[in-house]
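Colleague: The structure follows.
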Amino acid sequence: MVYTAIMGHGTVGSGVAQIMIGHESLVKEKIKDDIEVKYILDLRDFERLPYSDKFIKDFNIILNDDDVKIVVEVMGGINPAFDFVKACLEKGKSVVTSNKELVAAKGAELLKIAEEKNVNFLFEASVGGAIPILRPMAQCLAANDIYKITGILNGTTNFILNKMIVDNTDFDVALKLAQEKGYAERNPESDIEGLDACRKICILASLGFGKHVYPSQVKTEGISNITLKDVEYADNFGYVIKLICYASKNKNGTINAYVRPTLVSKDNILSSVNGVYNAIMVTGDACDNVMFYGRGAGKMPTASAVVADVIDCAKHLTARKFLSWSEGNDGYVENGDEKTALYILAKSENYDKLCLDTEKIFGKDIAVIKNKYSNEIAFITGTELNSVLEEKIKQLNADSIKCMHILI
Ligand code: HSE
């Protein structure tokens, strides 16, 4: 018999319980042994559930029960999740988590403890919801030097942007819908301002490139400044706006990494990743581009990945799995100048001069949409070094300027 415990009975935790307890026979069949959820840790009361008798409020009951070999952490946040997970690993229990904030901040440290104690610390659900990405990257693509990762990694923002594009829905209304569907974080700012996506690209880059990338090292911009007008201009130019996460290796051993709203051409496969779906393009020297796609958020898709990790742990109680990376360091992320193209929305009281200057500075051949009534002009630049484009923007002398990168 394998005993497990679940810490947290929120959106994901209740999904995990639903599969582990509701589909017990299926899970048993997979591990070829009996498996039971012995405890569910949550400070709230859940009296009407068929498994109400499993709820406890004291973490030490789990920690001190030597029969519990696998602990699922789905509480979210760093505190107290970090202390609980660390204590479980140190006690020789394997831990499965969906907590991207925890893994992005403390992954290297926790993996090291797991290695020392010869137990597993698995977190497939922390990136891309139901999408298998960490295992495939670490195992199936093990023969590659992975040098680039590009992805749409936040279901909430992708859902919002898609609603704005397809249904002309206002930002706030779309966010409310995402919350109702259980996609958004408890504090939706984590989604909207790109923090959640940042944590996920940190985990992917750490695993893919072998050294911890910390969220504070990644330049992160969310979607709170995107308006329906931007969406419409982008559409007219043949693009959709997506929150793109990116990480790539430089020749000198450093990496580039960022999260930012980006115009993606309608010809690019990432443009058709809609709603709550996520997609990750991993590029390696032997495999070239490999794409992973699926539901990136939501109770059951995320629980699916958590329970798969539990099954994996149960099947390998005495064998270590494959995930590892080393501690990171200052200066490891070094975003240098880049070749890029920009979407620019400029406004000026002196509208005619703005139009003339734009042509003079950016060339006659650029794609432009002019709107005399609002004194604004939207255009797409050619591809140049970012520093060169920044210099050109300074020369425009507009009253207000908004820029967004284009995925090239
Ligand atoms: N809030 C997250 C998202 C949940 O929208 O992608 C899944 O990690």
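The values are calculated or read from the model by the stated rules, or taken from the named source; none is laboratory data. All figures in this text were calculated on a predicted structure; none of them were measured in a lab. All Cβ positions, even for glycine, are placed from backbone atoms using ideal geometry, and neighbour counts span all protein chains on display. Heads up: the accessible areas ignore ligands, DNA and RNA and are worked out on the full protein's heavy atoms, side chains in. Shrake-Rupley method; radii C 1.70, N 1.55, O 1.52, S 1.80 Å.
Colleague: Going through the stretch 16-50 one residue at a time, which ones are assigned to a loop (DSSP other than H, G, I, E, B) and of a type in the set (A, V, I, L, M, F, W, C)?
Modeller: Scanning the stretch 16-50 gives Leu43, Phe46, Leu49.
Colleague: So, Asp352, is that one open to solvent by less than 40 Å² (accessible area, probe 1.4 Å) and more than 33 Å from the chain's Cα centre (by Cα) or not? Spell out how you get there, then give the answer.
Modeller: On the way: open to solvent by less than 40 Å² (accessible area, probe 1.4 Å): no; more than 33 Å from the chain's Cα centre (by Cα): yes.
Judged against the criteria, Asp352 is not a match.
The rows are residues; the columns are (1) acidic (Asp, Glu); (2) over 22 Å from the mean Cα position of the chain (by Cα).
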position	(1), (2)
Leu228	no, yes
Asn236	no, yes
Ala247	no, no
Asn256	no, no
Leu263	no, no
Ile269	no, no
Val276	no, no
Asn289	no, no
Asp309	yes, no
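Colleague: Same structure, new question: Go through (1) in contact with a strand residue (DSSP E or B) (Cβ under 6 Å, 6 or more places away or on another chain); (2) assigned to a loop (DSSP other than H, G, I, E, B) for Gly13 and report which single condition fails.
Modeller: Answer for Gly13: the failing condition is (2).
Colleague: Sticking with this one: Considering the stretch 361-381 alone, what residues qualify as being in contact (Cβ under 8 Å) with a residue 12 or more places away in the chain and in a helix (DSSP H, G or I)?
Modeller: Once the filter is applied, which keeps residues that are in contact (Cβ under 8 Å) with a residue 12 or more places away in the chain and in a helix (DSSP H, G or I), the stretch 361-381 yields Ile361, Phe362, Lys372, Ser374.
Colleague: Among the listed residues Lys242, Lys266, Lys251, Lys299, which satisfies the condition of being of a type outside the set (Asp, Glu) and at pLDDT below 95?
Modeller: Lys251
Colleague: Considering Asp312, Asp337, Asp357, which residue is more than 24 Å from Ala125 (Cβ to Cβ) and at pLDDT 95 or above?
Modeller: Values: Asp312 fails: more than 24 Å from Ala125 (Cβ to Cβ); Asp337 fails: at pLDDT 95 or above.
The conditions single out Asp357.
Colleague: Assess whether Glu73 counts as being in contact with a helix residue (DSSP H, G or I) (Cβ under 6 Å, 6 or more places away or on another chain) and either within 16 Å of the ligand (Cβ to nearest atom) or open to solvent by 10 Å² or more (accessible area, probe 1.4 Å) (or both).
Modeller: So Glu73 fits the description; yes.
Colleague: With respect to Glu189, determine if the residue is open to solvent by 10 Å² or more (accessible area, probe 1.4 Å) and within 22 Å of Lys106 (Cα to Cα). Full working, then the answer.
Modeller: Details: open to solvent by 10 Å² or more (accessible area, probe 1.4 Å): yes; within 22 Å of Lys106 (Cα to Cα): yes.
The answer is yes for Glu189.
Colleague: Additional query: Return the residues of the stretch 114-128 that are away from the ligand (no atom under 16 Å from the Cβ) and either surrounded by fewer than 17 Cβ atoms within 10 Å (Cβ to Cβ) or within 15 Å of the chain's Cα centre (by Cα) (or both); say none if nothing qualifies.
Modeller: Listed by number, the residues that qualify are Glu115, Glu116, Asn118.
Colleague: Something else now. Anything in the stretch 369-408 that is among the aliphatic types (A, V, I, L, M) and over 21 Å from Lys339 (Cα atoms)? List them, or say none.
Modeller: Once the filter is applied, which keeps residues that are among the aliphatic types (A, V, I, L, M) and over 21 Å from Lys339 (Cα atoms), the stretch 369-408 yields Ile369, Ile377, Ala398.
Colleague: If the requirement is being surrounded by fewer than 24 Cβ atoms within 10 Å (Cβ to Cβ), within 21 Å of Gly13 (Cα to Cα), β-branched (Val, Ile, Thr) and within 16 Å of the ligand (Cβ to nearest atom), which of these qualifies: Ile78, Ile131, Ile61, Ile56?
Modeller: Only one candidate passes the filter, namely Ile78.
Colleague: Take Lys353 and tell me if it is more than 30 Å from Ile70 (Cβ to Cβ) and either among the β-branched types (Val, Ile, Thr) or outside any loop (DSSP other than H, G, I, E, B) (or both).
Modeller: Numbers: more than 30 Å from Ile70 (Cβ to Cβ): yes; either among the β-branched types (Val, Ile, Thr) or outside any loop (DSSP other than H, G, I, E, B) (or both): yes.
Considered against the rule, which asks whether it is more than 30 Å from Ile70 (Cβ to Cβ) and either among the β-branched types (Val, Ile, Thr) or outside any loop (DSSP other than H, G, I, E, B) (or both), Lys353 comes out as yes.
Colleague: Return the total of residues in the stretch 147-186 being open to solvent by 10 Å² or more (accessible area, probe 1.4 Å) and either assigned to a helix (DSSP H, G or I) or more than 10 Å from the ligand (Cβ to nearest atom) (or both). Quick ask: steps written out before the conclusion?
Modeller: Initially, the stretch 147-186 is screened for residues open to solvent by 10 Å² or more (accessible area, probe 1.4 Å), giving 147-148, 150, 159, 162-163, 165-173, 175-177, 179-186.
Going one step further and asking which of them are either assigned to a helix (DSSP H, G or I) or more than 10 Å from the ligand (Cβ to nearest atom) (or both), we end up with 147-148, 150, 159, 162-163, 165-173, 175-177, 179-180.
Of the residues in that region, 20 qualify.
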